[in-house]
Amino acid sequence: MKKTLQILFLFLAVSVSTNYAQALFVEDFNYNAGDLLTAKGWTVSSGTTNAIAVTSPGLTFTGYPSVAGNAITLTTTGEDDYKTFTAVSSGSAYLAFLLNVQSAQTGDYFIALSPTSGTGGTGSGQTNYYARTHIRSNGTGYSIGISKSNELSGGYVYGNTVLSFNKTYVVVVKHFFNAATADDDAESIYVFGTTIASVEPATPEVGPHIYNAKADPVDLSFITIRQGSTALAPALRLDGIRIATTWNALLTATDVEETSIPTKYELNQNYPNPFNPSTVINYQLPEAGNVTLKVYDVLGNEVSTLVNEFKQAGVYNAKFANSNLSSGIYLYRLQAGSFVSVKRMMLIK
């Protein structure tokens, strides 16, 4: 194994690329009812009860890109799950989804985006949430809102429209990266109950909302689905999640890359790269089987085993962090059945 990895390393380019193209994200929950999200490439962020599971049937909305499969149901407390997407650091990041709310309370957020790195560029930024999308009770229905920071600390705003329970809406959340200062990114929400606008409307339901008390993110690369707190959170169903950098790509089926059912094996470049102290490795499996994902140094010595288990077909990610390693180039190797792929990454301390 050591000799094989050394040979592979010699044929890999010495330079480490730091250019990443924008990529779309799609989650239609095209799995069997009862399947857990954590078995489909999502990772637990927090919580140990009420794991998020796929439920039937899925949600539909005329004019929204075809949604295959089922949906998920969120309760008023429980596990929160996240997944990565290629980082967006300029222009706009759009998040769209189908939403059907059954009940609401005093207000809590159920979905959010977050940056690659934490404060000061260290650690993971997954729990540093932006574009937090809230639901709170309003008369006989509910209102939708957004916050850049913790709702209880201020910096949140709700729309004026009273939305109906048990009705499916298309919701589009927008985070605009404003390069003027470090605290003026704008966030907005658009809601459609009958017809989806083919171009971005001039006036959103919520926002544009700017909250100067919290610094802007450098990028956005995580999506988190959250079940909130017992006394505050709504109960709802969610389906057809999409992330894009333009309005047209968000709502055009042919522009969306379907990531729920891979057609081939693939090991992607880790992100960020170079990294310190952690990075995320994405990979996809077109069929179920035993999977190993291991990290080696350039001499072929095994450094870490990230995955060693049977997995269903799907898109997955694995986080690698090891504070005891020294700066340098490391190799990571995915094996699934007869498929083997090796890539390099650089740790800089």
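Computed from the coordinates by the stated procedures, all read-outs in this text should not be read as laboratory data. Predicted model, so just to flag it, every value in this text is computed and none were measured. Every residue, glycine as well, gets a Cβ built from its backbone with ideal geometry; the counts of neighbours run over all protein chains shown.
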Number of Lys pairs in the chain closer than 12 Å at Cα, excluding neighbours under 8 places apart unless interchain, is 7
Calc'd 3J(HN,Hα), region 313-330, phi into Karplus 6.51 cos²θ - 1.76 cosθ + 1.60 (θ = phi - 60°), Hz, glycine/Pro = x, comes to 4, x, 10, 10, 9, 9, 9, 10, 8, 8, 6, 8, 7, 8, 4, x, 9, 10
Helix 2-11: angle to the longest alpha-carbon principal axis of the chain, degrees 0 to 90, nearest 10? 70
Could you list Val218, Val173 so that the one with the fewest beta carbons within 10 Å of its beta carbon is first and the one with the most is last? Val218, Val173
Connecting every pair of Cα atoms under 10 Å apart in the chain and solving the GNM, the largest mean-square fluctuation among Ala39, Ala180, Ala71 falls on Ala180
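Please report Phe177, Phe97 as a ranked list, fewest other C-beta atoms within 10 angstrom at the top and most at the bottom. Intermediate results must be reported in sequence, preceding the final value.
Numbers: Phe177 18, Phe97 23.
In order of increasing Cβ crowding within 10 Å: Phe177, Phe97.
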Counting Lys and Arg as +1 and Asp and Glu as -1, each charge on the Cβ, what is the dipole of region 229-349 about the Cα centre in debye, to the nearest 20? 300
In a GNM of the chain with a 10 Å cut-off on Cα contacts, which of Asp108, Asp297, Asp28 has the highest mean-square fluctuation? Asp297
Over the Cα atoms, compute the radius of gyration (one decimal) and Dmax (the largest Cα-Cα distance, rounded to a whole number) for region 87-216, in Å. 14.8, 45
List the pair-distance distribution P(r) of region 156-279, using every Cα-Cα distance, as the percent of pairs falling in each 10 Å bin from 0 up to the bin containing the longest distance, rounded to whole percents. 9, 30, 38, 20, 3
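How large is the dipole of the chain about the Cα centre if only Lys and Arg carry +1 and Asp and Glu carry -1, each at its Cβ, rounded to the nearest 20 debye? Can you show the working numbers first?
On the way: 21 positive and 25 negative charges, 150 e Å.
With only Lys, Arg, Asp and Glu charged at Cβ, the dipole is about 720 debye.
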Over the chain: helical MRE at 222 nm, DSSP H runs n ≥ 4 each giving -39500 (n - 2.57), nearest 500: -1000 deg cm²/dmol
By counting other Cβ atoms within 10 Å of each Cβ, how are His134, His209 ranked from fewest to most? His209, His134
Extent along principal axes [Cα atoms of the chain; Å; largest to smallest]: 69, 45, 38
Sequence-distant residues sharing a close amide H with Gln102 (under 5 Å, placed H): Asn166, Ala235, Leu236, Arg237
